[in-house]
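J.: Take a look at the following structure, please.
The values are calculated or read from the model by the stated rules, or taken from the named source; none is laboratory data. Remember, predicted model here, so these are calculated numbers, not experimental data. Because the Cβ atoms are built from the backbone with ideal geometry, glycine has one as well, and the counts that use them run over all protein chains shown.
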Amino acid sequence: MLARTLGDIWAVAEQPAAAPDLEYSGFPWWHALTVEPNGERKSAEMLRKVNVHVYLPTFSKKICRRGSLSGRRSCAVMPGLLFVPAEMMQMRRRDETLKWARIRGFLRAAGGYLAQIRKDQIEIIREIEARLNMPPELKKKVEFKIGQRVRFLNDLYVAFLGEATVFEVASDHRIGISGPMLFGSATKIYVSASEIEAV
């Protein structure tokens, strides 16, 4: 039964598909899908093969191997999360498709309901993504320490993402923070240091 289901998925995947418009955010409601950290890009590619619109916020990170700079790599702004419009999840054989794309499940709100993310909240994530990808010379240098409590300077961001704790400090003014964000679910997100302040 599963083999037939996957065969159907591949049949759809082999049909010509319109290139996804990565900038489009016209959908009013979204869901967050949970995936293995570092598996976000692969899962997003697999969903796009079957014409599911996926938003994967990313930033460019310097990669060093054996002490020498060897290029840049695209990393997820919110490790372990992909965003899809709510209506895209009304597809036939949804569970089989998500399993095939290596999706762990949905981010859930208190009470076990699927967390619904509004368009304006997706736009906040897009703004954070855009600032992360600014050239380093345009970013304001701010010092933070691992374990420090922080909050966003923008009140709209605070209302959506809440307060958090620093878990990573990078040399390019990028800060990794984690906290009970996104409807109470513990979430990690990378931000520009100039967007946050110590609590």
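J.: Taking the stretch 63-81, which residues are of a type in the set (Gly, Ala, Ser), on the phi > 0 side of the Ramachandran plot and either loosely packed, with under 10 Cβ neighbours inside 10 Å or at pLDDT below 90 (or both)? Walk me through it before giving the result.
T.: Quick first cut of the stretch 63-81, residues of a type in the set (Gly, Ala, Ser) only: 67-68, 70-71, 74, 76, 80.
Those left that are additionally on the phi > 0 side of the Ramachandran plot: 67, 71, 80.
Of everything in the stretch 63-81, those that are of a type in the set (Gly, Ala, Ser), on the phi > 0 side of the Ramachandran plot and either loosely packed, with under 10 Cβ neighbours inside 10 Å or at pLDDT below 90 (or both) turn out to be Gly67, Gly71.
A quick yes/no check of all residues on (1) free of Cβ contacts under 8 Å to residues at least 24 places away in the same chain; (2) out of contact with any Leu (no Cβ under 9 Å at 6 or more places or on another chain); (3) of a type in the set (A, V, I, L, M, F, W, C):
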site: Ala44; (1), (2), (3): no, no, yes
site: Val50; (1), (2), (3): no, yes, yes
site: Pro57; (1), (2), (3): no, no, no
site: Val77; (1), (2), (3): no, no, yes
site: Gln90; (1), (2), (3): yes, yes, no
site: Lys99; (1), (2), (3): yes, no, no
site: Lys119; (1), (2), (3): no, yes, no
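J.: Still on this structure, please answer the following. Considering each of Ile124, Ile146, Ile175 in turn, give the residue that is in contact with a strand residue (DSSP E or B) (Cβ under 7 Å, 6 or more places away or on another chain) and either under 29 Å from Gly26 (Cβ atoms) or loosely packed, with under 15 Cβ neighbours inside 10 Å (or both). It would help to see each step written out before you state the result.
T.: Working: Ile124 fails: in contact with a strand residue (DSSP E or B) (Cβ under 7 Å, 6 or more places away or on another chain); Ile175 fails: either under 29 Å from Gly26 (Cβ atoms) or loosely packed, with under 15 Cβ neighbours inside 10 Å (or both).
Result: Ile146 is the single residue among Ile124, Ile146, Ile175 that is in contact with a strand residue (DSSP E or B) (Cβ under 7 Å, 6 or more places away or on another chain) and either under 29 Å from Gly26 (Cβ atoms) or loosely packed, with under 15 Cβ neighbours inside 10 Å (or both).
J.: Next up: Output the strands (runs of 3 or more DSSP E) that fall wholly within the stretch 54-163 and possess 1 or more residues being among the charged types (D, E, K, R), or say none. Full working, then the answer.
T.: On the way: elements: 58-65, 68-76, 81-85, 103-106, 149-152.
Counting at least 1 such residues, we get 58-65, 68-76, 103-106, 149-152.
J.: Here is a list of conditions, (1) surrounded by 13 or more Cβ atoms within 10 Å (Cβ to Cβ); (2) at pLDDT below 85; (3) within 20 Å of the chain's Cα centre (by Cα), and Ala86 meets all of them except one; can you say which number that is?
T.: (2)
J.: Does Met181 qualify as being more than 16 Å from Lys61 (Cα to Cα), part of a loop (DSSP other than H, G, I, E, B) and of a type outside the set (D, E, K, R)?
T.: Answer is yes for this residue.
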